[in-house]
Amino acid sequence: MSTTVAGSHDFEGAHAHGHGHAAGFLRTYVFSLDHKVIGIQFLFSTLLWFVVGGLLALAVRWQLAWPWSDMPVVGRMLFAHEGGQIAPEFYTMLFTMHATVMIFFVIIPVLAGAFGNFLIPLMIGADDMAFPTLNMLSYWFMWPAFICMTASFFVTGGAAAAGWTSYPPLSSVPAAAPGSEAGQTLWLLGLTFVGVSSMMGSVNYMTTIIQMRAPGMTMFRLPMTIWGMFITALLQAFALPVLTAVGFMQLMDRTLGTGFFIPEFLIVNNTPAGAGGGQPLLWQHLFWFYSHPAVYIMILPAMGMVSDIMTTFARKPLFGYKPMIYSIAGIAGLGFIVWGHHMFMSGMNPALGMTFMVSTMMIALPSAIKVFNWLGTIWGGKIEYTTSMLFALSFVAMFIIGGLSGIFMAATPVDIFIHDTYFIVAHIHYVLFGGTAFGVFGGIYYWFPKMFGRTMNEFWGKVHFFLSFIFFNGTFFPMHILGAGGFPRRLADPYHYEAFAHLQPMNQFITICALGMGAAQLIFAANFIYSLFFGPKCGRNPWHANSLEWIAPSPPGHGNFDAQPIVYRGPYEYNSPESDEDYYPQNVPPKPGAPKQKPAH
C-alpha cells in the first residue's frame, strides 16, 4: 500500500482535475467536479429532506395523540375526502416514508455525502477526490431517487406503505394494499438509485484515502473522522450490493411475475398472488444483511466527527487513539454477523437465535471502549462549551442510552415481548436522532466556518441545542415506558384496544414535545441561513485545531491548499511541550531541540 501519491497532483499550477481553469456557472455550481461543492450540494439537499421527514413525523405524532381529529392547517387541503382526518391507509404511508426519507435521504447522505465529500480530501491533504467525475455522478444519481419518492405520493394508491423494511408479500404483491401499488414500485426504483449513488461514493472514498494522502500522513495519523468514513465506505462496498440485488429481485416479482419472495398458493383479495414458490423470509435475511451494517454506516462517521470535536474543545489528545480505531473496526466487523437479531420473531431455530443473541451482545464491548475513551478524553480537560461541543457531548449521552436499550433487544426472550412496541421506536431514535443527528449538528456548527468562511451565531446555536435536547428527551424517553407497556407501533388507532386507552395522555405529551423539537429546528434554520450571508467572517483556524483542513483558506479554493502540506505528527497533539501554543498543527515542522512528547496514541 502506498503511503502517498499526492505528489501526482500539481499544487503549484493547474491541478489534475482542471482546478485553476475558468469554468462556467453550470460546471462551477451545478455539475461541479469540486468535492467541496458536491459536499455542500449534499448538505443542502439533505437539510431540505430533513424538513420533509420531520413534517411526516409530526403528522404521525398528531394521529397518535389525537386520532380522528382534523389535522391542523393542512388537514382540509390534504384529506378533504376524510373530512380533514388522516386515513388509516395514509398513516401507514406516513411512517413508511418518514423512515425512508430520514434513513436514505438524510442520515446516510449527510454523513457520507456531505461531510465525507467536503472533509476527506481536506483532512488527508489532497486537492480533490480520486475520481471527480464519479463523485459528481454520485450526487446526481440521488435526484432520480428524490423524484421517484416524491412522485410516489401522487400515483394511484399513494406512496409505499409496507414500512421502510418493505417486507413481502405486502410489498411484493401489487394488489395487497393501496400502498402496494405503483408507489411501492417507485420506492424500489428510488432505493436502487440511492444504492448506485452510495457505491460510487464508497469506491471514491476508499481510493482517495488509500492513494492520495499527503506526504507523512500515515494511516495512524489520520483523524478519527477519516477513519469513520473509511470503515463506512468498506461497509458500503460489501453490504450495499446485497440490498441492490434484493431490490431488483422484489422489483421483478412485482413487474415480471417472478416469485422470489411470494410463497406458494398465496391468495390476496380472492386472487392468486403470483408465481409462488418463493420465500418471504429470504427477503428478511438479505435485507437485514445490509440494513444492520447500515446502522453503523449511519453512526460510525458521526463517532469520528464527535471525537475530533471533543479533542479540539477539551484541548487534550484523544484518549486511546488506536483502541478507538480498533473498536470502530470491531463494531463494523461484528455488524456483518448479527443481522438475525432483527428476525427473532420469524421463528428461527433456537440454536441459531442464541448465536445471533451472543454475537449481538458482543458489540457492547467495542462500543464501551469508545465511550470510555471519550470520557477519558474530556477528563481533566479545559473544556470549551461551544455549541458543537455541547452537541458532541450530548451525542455520547444519547449513544449510551440508545446502546443500553439495544441490549434488551439483543436478548431473544425480551425482544419477543417488545419487538412490535414503541420500545424499538425509542431505541432507534436515541441512536439515530439523539446520536447521529446530534453528531451532525455538532459537525455543522464545527465545520461551518471552513465551508462558508463565516461562523454561526453561538448564542442561538446554544438555544437550539438546549431546546432540541430537552424536547428530544421529552419525545423519545417516554416511548420506552410505552413499549414496556406493550403499546404497539404501526397502528393508526391503538386506542381501539381498550388496554391502551390510558396511554393516550402520554402520547399527547410526546406529541407536544415533538412539536417543540420541530420548532427548535426553525432556530437552527434561521441561524444557518443568516450566518451564510451575515455571519462574522473567520480566519483559517478559528478553533485552533490541529488537522489539515484548518490550514486551508476559509472557504478553501480550488485545489484546497496553498501548497502541498507535509505531515509531521498526528492530529491530536494538544498542549504539547514542543509547541508554544496549546495546539500543534500537523503540518508545522518540529522545532530543533524542543522537548519531545509521546505521540497521542
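The values are calculated or read from the model by the stated rules, or taken from the named source; none is laboratory data. Worth saying up front: this structure is predicted, and the values here are computed from it rather than measured. Please note: Cβ atoms are built from the backbone with ideal geometry, for glycine as well, and neighbour counts cover all protein chains shown. The area values use the complete protein model at the heavy-atom level, side chains included, leaving out ligands, DNA and RNA. Shrake-Rupley method; radii C 1.70, N 1.55, O 1.52, S 1.80 Å.
Would you say residue 310 is open to solvent by less than 10 Å² (accessible area, probe 1.4 Å), over 17 Å from the mean Cα position of the chain (by Cα) and modelled with pLDDT of 95 or more?
On the way: open to solvent by less than 10 Å² (accessible area, probe 1.4 Å): yes; over 17 Å from the mean Cα position of the chain (by Cα): yes; modelled with pLDDT of 95 or more: yes.
Taking the combined requirement at face value, the residue satisfies it.
Only residues that are within 22 Å of the chain's Cα centre (by Cα) and in a helix (DSSP H, G or I): list them for segment 145-171, please.
145, 146, 147, 148, 149, 150
Of all helices (runs of 4 or more DSSP H) completely enclosed by segment 358-432, which ones contain at least 2 residues that are of a type in the set (Gly, Ala, Ser), within 20 Å of residue 300 (Cα to Cα) and open to solvent by less than 10 Å² (accessible area, probe 1.4 Å)?
So the answer is 387-410.
Residues 466, 476: which one is open to solvent by 10 Å² or more (accessible area, probe 1.4 Å) and in contact with a helix residue (DSSP H, G or I) (Cβ under 6 Å, 6 or more places away or on another chain)?
Going through 466, 476 in turn, just one is open to solvent by 10 Å² or more (accessible area, probe 1.4 Å) and in contact with a helix residue (DSSP H, G or I) (Cβ under 6 Å, 6 or more places away or on another chain): 476.
Could you look through segment 524-539, keep only residues that are closer than 26 Å to residue 314 by Cβ and either in contact with a helix residue (DSSP H, G or I) (Cβ under 6 Å, 6 or more places away or on another chain) or assigned to a helix (DSSP H, G or I) (or both), and pick out the one that is most open to solvent (accessible area, probe 1.4 Å)?
538
For the list (1) modelled with pLDDT under 95; (2) open to solvent by less than 40 Å² (accessible area, probe 1.4 Å); (3) part of a helix (DSSP H, G or I), I need the number of the one condition that residue 43 fails.
All conditions are met except number (1).
Could you tell me which residue of segment 64-83 is modelled with the lowest pLDDT, considering only residues that are more than 22 Å from residue 510 (Cα to Cα) and small (Gly, Ala, Ser)?
Among residues in segment 64-83 that are more than 22 Å from residue 510 (Cα to Cα) and small (Gly, Ala, Ser), the one modelled with the lowest pLDDT is 80.
Checking residue 248 against (1) open to solvent by 10 Å² or more (accessible area, probe 1.4 Å); (2) farther than 18 Å from residue 300 by Cβ; (3) part of a helix (DSSP H, G or I); (4) in contact with a Pro (Cβ under 9 Å, 6 or more places away or on another chain), which test does it fail?
Answer for residue 248: the failing condition is (4).
Could you tell me which numbered condition residue 456 fails, if it satisfies all but one of (1) of a type in the set (A, V, I, L, M, F, W, C); (2) out of contact with any Gly (no Cβ under 7 Å at 6 or more places or on another chain); (3) crowded, with 20+ Cβ neighbours inside 10 Å?
Unmet condition: (2).
The rows are residues; the columns are (1) part of a helix (DSSP H, G or I); (2) open to solvent by 30 Å² or more (accessible area, probe 1.4 Å); (3) of a type outside the set (Val, Ile, Thr); (4) closer than 20 Å to residue 585 by Cβ.
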position: 193; (1), (2), (3), (4): yes, yes, yes, no
position: 201; (1), (2), (3), (4): yes, no, yes, no
position: 205; (1), (2), (3), (4): yes, no, yes, no
position: 208; (1), (2), (3), (4): yes, no, no, no
position: 213; (1), (2), (3), (4): no, no, yes, yes
position: 228; (1), (2), (3), (4): yes, no, yes, no
position: 236; (1), (2), (3), (4): yes, no, yes, no
